[in-house]
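Below: one structure, written as structure tokens.
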Amino acid sequence: MKIVIIGANGNVGKVILNEALSRNYDVTAVVHNKSNYVNGHKKLKITQADAFDEKSLINAIKGNDVVISAFGPKLGAEDSLLSVTKNLINATKKALVHRLISIGGAGSLYVAPGLKLSDSASFPTDWKPISSAHADALELYKNETELDWTVLSPAALFESGNKTEKYKLGKDNLIVDDQGSSKISFEDYAIALLDEVANPKFSRERFTIGY
């Protein structure tokens with residue numbers, strides 16, 4: 001299996017990259033400036049591309065089996081996620097790669113019937129711009145009929161942690177533990193995402209993960 005990861009040098013992208021390499025996949029890491037990176041793995045290829053340039057993405061994506069997007073917009077430029085999502089969808093199709101899996105957001109998950117996490121009273125105001133951007137990107141995917149896409153939304157608290165391999169999967173409802181907390185580590189998230197690569201269960205769907 002040949003996998004290309006967009007945003008492979010980000011906090012989550014690095015963890016996904018390492019998980020993919022641990023499974024012996026051929027991995028192409030797409031970064032903005034490859035001169036900053038030293039490749040020390042025989043299964044890893046570092047390539048430079050601009051996520052805001054569709055042609056650049058096509059060249060980076062072609063020849064692979066699956067595209068994974070771990071792109072994260074800069075603070076204050078959250079709306080750029082929508083442009084990059086459009087470019088990724090178009091570039092993946094034009095590169096003749098049939099599958100695209102993307103990191104989603106937790107804000108569009110439901111915490112009660114008709115109530116999304118982003119609309120709840122406890123949702124931090126500072127998180128609303130990125131939550132809104134992810135929600136808009138998800139709608140782009142939902143309207144995509146040609147591409148085999150999947151979006152994986154994390155739990156509310158998404159940060160570096162331990163690899164437990166003990167988590168729950170769901171569809172559109174926020175997953176919380178017995179104490180009412182919603183969280184997942186980058187490491188367990190990466191496991192679930194690469195499991196979806198190996199054994200697709202959520203084709204043209206969004207799913208979520210939490211403890």
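The values are calculated or read from the model by the stated rules, or taken from the named source; none is laboratory data. In this text, all values refer to a predicted model and were calculated from it rather than measured experimentally. We place every Cβ from the backbone using ideal geometry, glycine too, and count neighbours over all the protein chains shown. These area figures cover heavy atoms from the full protein model, side chains too; ligands, DNA and RNA do not enter into them. Shrake-Rupley method; radii C 1.70, N 1.55, O 1.52, S 1.80 Å.
Brief remarks on what is shown
- When the stretch 91-104 is filtered for residues that are in a loop (DSSP other than H, G, I, E, B), open to solvent by 30 Å² or more (accessible area, probe 1.4 Å) and modelled with pLDDT of 95 or more, only Leu96 remains.
- Residues that are assigned to a loop (DSSP other than H, G, I, E, B), in contact with a Lys or Arg (Cβ under 9 Å, 6 or more places away or on another chain) and open to solvent by less than 70 Å² (accessible area, probe 1.4 Å) within the stretch 23-32 comprise just one, Tyr25.
- Matching option when the condition is surrounded by fewer than 20 Cβ atoms within 10 Å (Cβ to Cβ), more than 15 Å from Leu140 (Cβ to Cβ) and under 12 Å from the mean Cα position of the chain (by Cα), among Gly63, Gly40, Gly76, Gly10: Gly10
- Flag if Ser35 is among the small types (Gly, Ala, Ser), open to solvent by 20 Å² or more (accessible area, probe 1.4 Å) and modelled with pLDDT under 95: yes
- Unique residue being under 24 Å from Ala133 (Cβ atoms) and either in a helix (DSSP H, G or I) or touching a strand residue (DSSP E or B) at 6+ places or on another chain (Cβ under 6 Å) (or both) when the list is Ser35, Ser56: Ser56
- Flag for Leu88 being open to solvent by less than 40 Å² (accessible area, probe 1.4 Å), over 17 Å from Ala135 (Cα atoms) and not small (Gly, Ala, Ser): no
- Test: residue in the stretch 99-117 that is of a type in the set (Ser, Thr, Tyr) and within 15 Å of the chain's Cα centre (by Cα): yes
- Tally of residues being outside any helix (DSSP H, G or I) and crowded, with 22+ Cβ neighbours inside 10 Å across the stretch 105-139: 5
- Looking at Glu196, Glu187, just one residue is touching a residue at least 60 places away in the same chain (Cβ under 8 Å) and in contact with a Lys or Arg (Cβ under 7 Å, 6 or more places away or on another chain), and that residue is Glu187.
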